[in-house]
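Single-structure report; data block below.
The values are calculated or read from the model by the stated rules, or taken from the named source; none is laboratory data. Everything numeric in this text was worked out from a predicted model, so none of it was measured. Neighbour counts run over all protein chains shown; Cβ positions are idealised from the backbone, glycine included.
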Amino acid sequence: MTRDKLIPMPADAYHADTEWLSAGRLKEFARSPRRYLAAINGELDSEPTPAMLLGSMIHAAILEPDTFSQHYVPKEKVDGRTKAGKAYNAQWELDNVGKLAIKRDEEELLAKLQSSLQAHELSQHLLTGDGLNEHVLQWVDEATGVKCKARPDRVLLDNGSDLSSACIDLKTTADASPKAFSKTLSNLGYWRSAVHYLSGLKHCGLPCDAYYFLCVETGPPYEVAVYEMDADALERAETRYRIELQEISECQQINEWPSLTTINALSLSLPPWF
C-alpha cells in the first residue's frame, strides 16, 4: 500500500463537505432520500449528543493522541453559583477558546479504556502497527458515477505481518458480546461503513485484506473484542450497498428526492432475531 492516496484532513472540514458522499450520508439516504437532501442542506439538527461527544473524545485520545491536548483541556467541576466558581469558569473559557472540556471522570474513563486496549494483544497490534489514522479517501464509483469519500479510523499498512493492509474501525459500546454487537452492526449500519471504506480503498489502489471492528466497552470491566465480518455478511452488505448507490445516483441525475410519505399503510414484520 502507498500512503499518498490517504489525505490528512480535519474532521470539521471533512464533514462540512457535501459534494462527496460519505457512509454517514448514505445512511441518511437509506432512511429516506428526502432526509438525505435535508442533511446536505444543513436542515437536520447537527448538535452532537453527550454520547457522540464522548465517542469523539475517546476516538481522539486513542487515534490522535499527539494532538489530543490541542482540542481537549481538563476542567474541574465547580459550583457555578458561587463567586469563585463563576470566576473559575470564566477564566477557563478565556484561556481555552475553541477547546472542549474534559471532566475528571472522563479522564479516568479514558485511562481505563486505553489500559484495556493495551492489554489486548490483537488490539495492541492493530493500534500500533505501521499505519495512518483519520486520513481521507476520495473516489468516483465506477458503476454509478457517484463521488464518494471516507475517513477510516485507521488503515494498517503493509508491514509484512499477517494483518497487513487492514482497515480498523474503533467502536465504543455498552455490550461487546457477539450477539449484542451483531445487532448493533445491523441497527446502526456499521456494515455500510465497512463496505464503503473497503470499496474506497480498492478504488484508490489500496485493497485491504481485512476489515476489523475494534470494540471496547465503556463500562466495567471495559472488555475488548475484535470482530471481522464473515464472507456471507460482506457479500450481503455489498449487495445492499450497491443498490443504495444506484438509487442515490438516480436521484442525483433527475434531482428528485422522494419522502417516506405513502397513501396506504405499510406492512411491518419483526426482525429475524426477535
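Remark: pairs (first residue in segment 220-249, of a type outside the set (D, E, K, R); second residue surrounded by fewer than 13 Cβ atoms within 10 Å (Cβ to Cβ); Cβ separation under 7 Å; 6+ apart in sequence or on different chains) = SER249/GLY145. Do we have any residue at all in segment 26-45 that's among the hydroxyl-bearing types (Ser, Thr, Tyr), surrounded by 15 or more Cβ atoms within 10 Å (Cβ to Cβ) and free of Cβ contacts under 8 Å to residues at least 60 places away in the same chain? No, because not a single residue in segment 26-45 is among the hydroxyl-bearing types (Ser, Thr, Tyr), surrounded by 15 or more Cβ atoms within 10 Å (Cβ to Cβ) and free of Cβ contacts under 8 Å to residues at least 60 places away in the same chain. In the set (1) aliphatic (A, V, I, L, M); (2) more than 29 Å from ALA13 (Cβ to Cβ); (3) assigned by TED's automatic domain parsing to the domain that holds GLY219, the condition left unmet by ALA84 is number (3). VAL78 falls short on exactly one of the conditions (1) surrounded by 11 or more Cβ atoms within 10 Å (Cβ to Cβ); (2) part of a helix (DSSP H, G or I); (3) not aromatic (Phe, Trp, Tyr), and that condition is (2). Residues that are more than 18 Å from the chain's Cα centre (by Cα) and over 19 Å from ARG25 (Cβ atoms) are absent from segment 184-196. What do you reckon, is THR18 polar (S, T, N, Q) and within 18 Å of the chain's Cα centre (by Cα)? It is true that THR18 is polar (S, T, N, Q) and within 18 Å of the chain's Cα centre (by Cα).
Every residue, every condition in (1) out of contact with any Cys (no Cβ under 9 Å at 6 or more places or on another chain); (2) modelled with pLDDT of 95 or more; (3) outside the structural domain of HIS135 (by TED's automatic domain parsing), yes or no:
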site	(1), (2), (3)
ARG192	yes, yes, no
VAL195	yes, yes, no
LYS202	no, no, no
GLY205	yes, no, no
ALA210	no, no, no
VAL216	yes, yes, no
PRO220	yes, yes, no
VAL224	no, yes, no
MET229	yes, no, no
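With respect to the conditions (1) buried (at least 18 other Cβ atoms within 10 Å of the Cβ); (2) under 27 Å from LEU6 (Cα atoms); (3) of a type in the set (D, E, K, R), LYS202 lacks only one, and its number is (1). Please determine whether any residue of segment 55-71 is within 16 Å of the chain's Cα centre (by Cα) and within 30 Å of ILE254 (Cβ to Cβ). No: segment 55-71 contains no residue that is within 16 Å of the chain's Cα centre (by Cα) and within 30 Å of ILE254 (Cβ to Cβ). Taken over segment 238-259, residues that are hydroxyl-bearing (Ser, Thr, Tyr), touching a helix residue (DSSP H, G or I) at 6+ places or on another chain (Cβ under 6 Å) and assigned by TED's automatic domain parsing to the domain that holds LYS202 amount to 1.
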